[in-house]
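Just below is one structure, and these are the notes that go with it.
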Amino acid sequence: MTNPAPSDFPAMDSVEAIERINASVASEGPEANDIEPSDEAKPEHTFDMQAMDDRELIETLRRIPRAQSEKFPRVELTGARGQHCALMQINHPLRVRVLGSLGDYACAWNDETVVKVERNVGHGAGEGMISGSLRVCGDAGLGVGTAMTGGTVAIYGSASHRVGAAMRGGGLFVRGDVGDDVGLGALAGTIVIGGDAGKNLGDPHSNVDVFIRGQAQSLAHGVVEATLWKKQEVKLGLLLISAGIRGSASDFRRVIPQAKLEAEQHNRGELMPNWR
Amino acid sequence: MNDDRFNELHFLPPGVAPPAADPDSVENHWTVSQQAVDSRDLSGQGGHSTVTLRTPLFLDQAPWIGMPCTWADTVATTAASMGITVSALHRDLSDVDGEADFFRPLGDPEDSETGDIEYLPRILPYYVDRFGLIPADFVGASVIDVRLCPYQNHLRRFAYSPDQIQRWERTEPDKPLAGGGYVGAATFPADIASTDQAATKFEQLRRLSPGAIVMASLLPYQLRQDIRAIVKSAPDGIILRIDQPEFSPFQVASMVSYAKRKLQQLGHPDMSLWVVPGQITPTDAAKLIGLGASAIAIDHWMKPLFEQLHRSSRGLTPEPLAEHHLPSMVHRLLTEPVEAALAGISNLGTAEIQGVRLATFHPKWAKACSAELLT
């Protein structure tokens, strides 16, 4: 498996970088199936995505009995070659590992299910996620985690524009770089950016906690950078560990609406949510 | 007083044989077909999904937030029972997910011989921001209204009110999202790269709600620049939102006519064209159908009731509202205009039957609306 390291992508200051992500998301060849299973635990179920259509696959997954213990049944999916709209609304406690890439709107509106995609995902992956998680070892297209309300989306490569747009809860982590308009129209939740960001980062009307380690090309109007409160450092540190992202929370800065920061300074501490 | 907005357009009697004027036959005309998509996606349905509407009338964007949930649920259920396709989210009509009558299956699903579960005719408003949307909204929807344009509230503001966010997101009054203020509406879905790429989004929604047709909502400003790309993305229909008060009746009529001609030019003469025209009368509704619309929003007819309900919910009326009277209030308000509109529509011609035609004495109207010019 080849995961582009964050440094492989330049700061998102050019269309070229975004095109590179989109191209890498879109280009799936026969080698997608050639991925060697890693040292993860052996799956209890294996299905070939080429051998059944998506509806059949979802129904098959939902029929897997729930585990008696806290450990979810493990499922491995082969034949993933960038199929669009795959693995939506599984809504069943499973741990699914996808050997390959998925296309647009992968794992949308999922609840409970834990999915790991070994390569890339297309646009709108993890849309409307309610709980569970989606971990992507490669890159993601536009609008990853759009309108999610809970759970965790973690992208270990880079992501294109509008990450976490209109999100209403949950946590979104990108180890690499992100494009423009991150957190556009988002209401709540946490967005963590391990690399650099493009233009217009943040939203002045948002309660989202945006943390960034690299540089943003520009911040949205009415949004400023600020240092973390100690409590936030602890919280972020735990989130980084749970998302499998290395690094110290103290390397990050938060991106916050200026009005919220002023209200914080006025109140000398963190605020109640009705800061407006 | 005549409130008709399209007075310049006249109904002419049919040229040869009179049309079948049986109003009941109208109910069988309004079938919107979902175009065949990847047959794998709709296996078991023959690659073709059909939604039959009892009337070509729909309630587009009722101000549900300004009234208690139980009232909103009763109004939506009553209107839908009358054959009006009603647009609402679960969280518009209920404080607790799954409790609103409007979303319940009709009859006992166990009794269904075919296994198909029927629901009241419903539009799922798939807003750009998807605030308030929950997975249960996809169940039993007749139509998915994919907004490719920003949300505009009943005050014409491109924003969501704090009350709206609170009801949709179920937040505590003292712990609001987004700081407790108005939230600006986004202009285009964040997860669609462009109108050219919308096909995958439409496919996604067909899979999430296999029994529904998927329609793309447009503002008139998008009509000329985007309609080609949107039609190429193969929605099952277009919803044209021309209810902005600044549009004159002539502009409204000509835009409907233009959209219909454009669909024909693009090789989709049968693609549904639903219209949100703002203030209209039943006669206007029939004329818009005559101009090529497939269904018409009737929000304006419900306005007096909604104003009364809003006043009552704030305690501004002399008597509190008796909730059990709501169904009869809806019936009283809608029966006459709906019947008048259906009667007018039933006289229009179809491909098979020659009916009344639209004509005008004004060359400008004749040209813009492809209506017969009377001299």
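Quick notes on this one:
- Residue pairs meeting the criteria (Cβ under 7 Å; at least 6 apart or on separate chains; first of a type in the set (S, T, Y), in segment B:182-200; second at pLDDT 85 or above and in a helix (DSSP H, G or I)): B:Y182/B:P162; B:T195/B:D226; B:T195/B:A229; B:T195/B:I230
- Filter result (under 19 Å from A:P204 (Cα atoms) and of a type in the set (A, V, I, L, M)) within segment B:165-200: B:I165, B:L177, B:A178, B:V183, B:A185, B:A186, B:A190
- Set B:P304, B:P318: member being more than 18 Å from B:I239 (Cβ to Cβ) and at pLDDT below 90: B:P318
Let's see how each residue does on (1) more than 8 Å from every other protein chain (Cβ to nearest Cβ); (2) within 19 Å of A:R66 (Cα to Cα); (3) among the aliphatic types (A, V, I, L, M):
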{"position": "A:L87", "(1), (2), (3)": "yes, yes, yes"}
{"position": "A:R95", "(1), (2), (3)": "yes, yes, no"}
{"position": "A:G100", "(1), (2), (3)": "yes, no, no"}
{"position": "A:A106", "(1), (2), (3)": "yes, no, yes"}
{"position": "A:E118", "(1), (2), (3)": "yes, no, no"}
{"position": "A:R135", "(1), (2), (3)": "yes, no, no"}
{"position": "A:S158", "(1), (2), (3)": "yes, no, no"}
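- In segment A:176-197, the residues that are away from chain B (no Cβ under 14 Å) and farther than 25 Å from B:I165 by Cα: A:G176, A:D177, A:I193, A:G194, A:G195, A:D196, A:A197
- When segment A:141-156 is filtered for residues that are out of contact with any helix residue (DSSP H, G or I) (no Cβ under 6 Å at 6 or more places or on another chain), more than 13 Å from chain B (Cβ to nearest Cβ) and hydrophobic (A, V, I, L, M, F, W, C), only A:I155 remains.
- Scanning segment A:123-150 for residues that are surrounded by fewer than 24 Cβ atoms within 10 Å (Cβ to Cβ) and either small (G, A, S) or under 17 Å from B:I192 (Cα atoms) (or both) gives A:S131, A:S133, A:G138, A:G150.
- Residue count, segment B:316-338 (criterion: surrounded by 13 or more Cβ atoms within 10 Å (Cβ to Cβ) and within 30 Å of B:P13 (Cα to Cα)): 4
- Condition met for B:A76 (touching a strand residue (DSSP E or B) at 6+ places or on another chain (Cβ under 7 Å), within 14 Å of chain A (Cβ to nearest Cβ) and surrounded by 24 or more Cβ atoms within 10 Å (Cβ to Cβ)): no
- The single condition among (1) at pLDDT 95 or above; (2) under 15 Å from B:A190 (Cβ atoms) that A:G189 does not meet is (1).
Residue-wise test of (1) touching a Gly at 6+ places or on another chain (Cβ under 9 Å); (2) surrounded by fewer than 22 Cβ atoms within 10 Å (Cβ to Cβ); (3) farther than 24 Å from B:N347 by Cβ.
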residue	(1), (2), (3)
B:Q265	no, yes, yes
B:P269	no, yes, no
B:P277	no, no, no
B:T281	no, yes, no
B:A285	yes, no, no
B:A297	yes, no, no
B:H300	yes, yes, no
B:K303	no, yes, yes
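- Within the option set A:L172, A:L184, being part of a strand (DSSP E or B), crowded, with 24+ Cβ neighbours inside 10 Å and either over 12 Å from the mean Cα position of the chain (by Cα) or not aromatic (F, W, Y) (or both) holds for one residue only, A:L172.
- Subset of segment A:192-211 (residues that are part of a loop (DSSP other than H, G, I, E, B) and either over 17 Å from the mean Cα position of the chain (by Cα) or not aliphatic (A, V, I, L, M) (or both)): A:G194, A:G195, A:D196, A:G198, A:K199, A:N200, A:G202, A:D203, A:P204, A:H205, A:S206, A:N207
Yes or no, residue by residue, for (1) touching a Pro at 6+ places or on another chain (Cβ under 8 Å); (2) outside any strand (DSSP E or B); (3) under 25 Å from B:M82 (Cα atoms); (4) at pLDDT 95 or above:
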{"position": "B:L240", "(1), (2), (3), (4)": "yes, no, yes, yes"}
{"position": "B:D243", "(1), (2), (3), (4)": "yes, yes, yes, no"}
{"position": "B:F247", "(1), (2), (3), (4)": "yes, yes, no, no"}
{"position": "B:D270", "(1), (2), (3), (4)": "no, yes, no, no"}
{"position": "B:V275", "(1), (2), (3), (4)": "no, no, yes, yes"}
{"position": "B:I289", "(1), (2), (3), (4)": "yes, yes, yes, no"}
{"position": "B:G292", "(1), (2), (3), (4)": "no, yes, yes, no"}
{"position": "B:L309", "(1), (2), (3), (4)": "no, yes, yes, no"}
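- B:V143 vs. criteria modelled with pLDDT of 90 or more, among the aliphatic types (A, V, I, L, M) and closer than 14 Å to B:P210 by Cα: yes
- Set B:R157, B:R147, B:R207, B:R167: member being out of contact with any Gly (no Cβ under 8 Å at 6 or more places or on another chain) and surrounded by fewer than 22 Cβ atoms within 10 Å (Cβ to Cβ): B:R157
- The set of residues in segment A:198-212 that are modelled with pLDDT of 95 or more and within 11 Å of chain B (Cβ to nearest Cβ) is empty.
- Some residue of segment A:222-230 being closer than 16 Å to A:F252 by Cα, polar (S, T, N, Q) and either part of a loop (DSSP other than H, G, I, E, B) or within 13 Å of chain B (Cβ to nearest Cβ) (or both): yes
- Condition check for A:L239: within 14 Å of another protein chain (Cβ to nearest Cβ), surrounded by fewer than 23 Cβ atoms within 10 Å (Cβ to Cβ), modelled with pLDDT under 90 and out of contact with any helix residue (DSSP H, G or I) (no Cβ under 6 Å at 6 or more places or on another chain): no
- Scanning segment B:165-181 for residues that are within 8 Å of another protein chain (Cβ to nearest Cβ) and either in contact with a Phe, Trp or Tyr (Cβ under 6 Å, 6 or more places away or on another chain) or at pLDDT 85 or above (or both) yields B:I165, B:E169, B:G179.
- Where a residue in segment A:233-249 is part of a helix (DSSP H, G or I) and its partner, wherever it lies, is loosely packed, with under 13 Cβ neighbours inside 10 Å, with Cβ under 8 Å and at least six apart: A:E233/A:S250; A:G237/A:S248; A:L240/A:R246; A:A249/A:V234
- Of all residues making up segment B:185-220, the number that are outside any loop (DSSP other than H, G, I, E, B), more than 28 Å from A:G179 (Cα to Cα) and more than 11 Å from chain A (Cβ to nearest Cβ): 4
- Failed criterion for B:T171 (all others in (1) part of a helix (DSSP H, G or I); (2) without any contact (Cβ under 8 Å) to a residue 24 or more places away in the chain; (3) closer than 20 Å to A:M167 by Cα hold): (1)
- A:V178, sole failed condition from (1) at pLDDT below 95; (2) not in a strand (DSSP E or B): (1)
The values are calculated or read from the model by the stated rules, or taken from the named source; none is laboratory data. Given the structure is predicted, the values throughout are model-derived calculations rather than measurements. Using ideal geometry, Cβ is built from the backbone for each residue, glycine included, and neighbour counts are taken over all protein chains shown.
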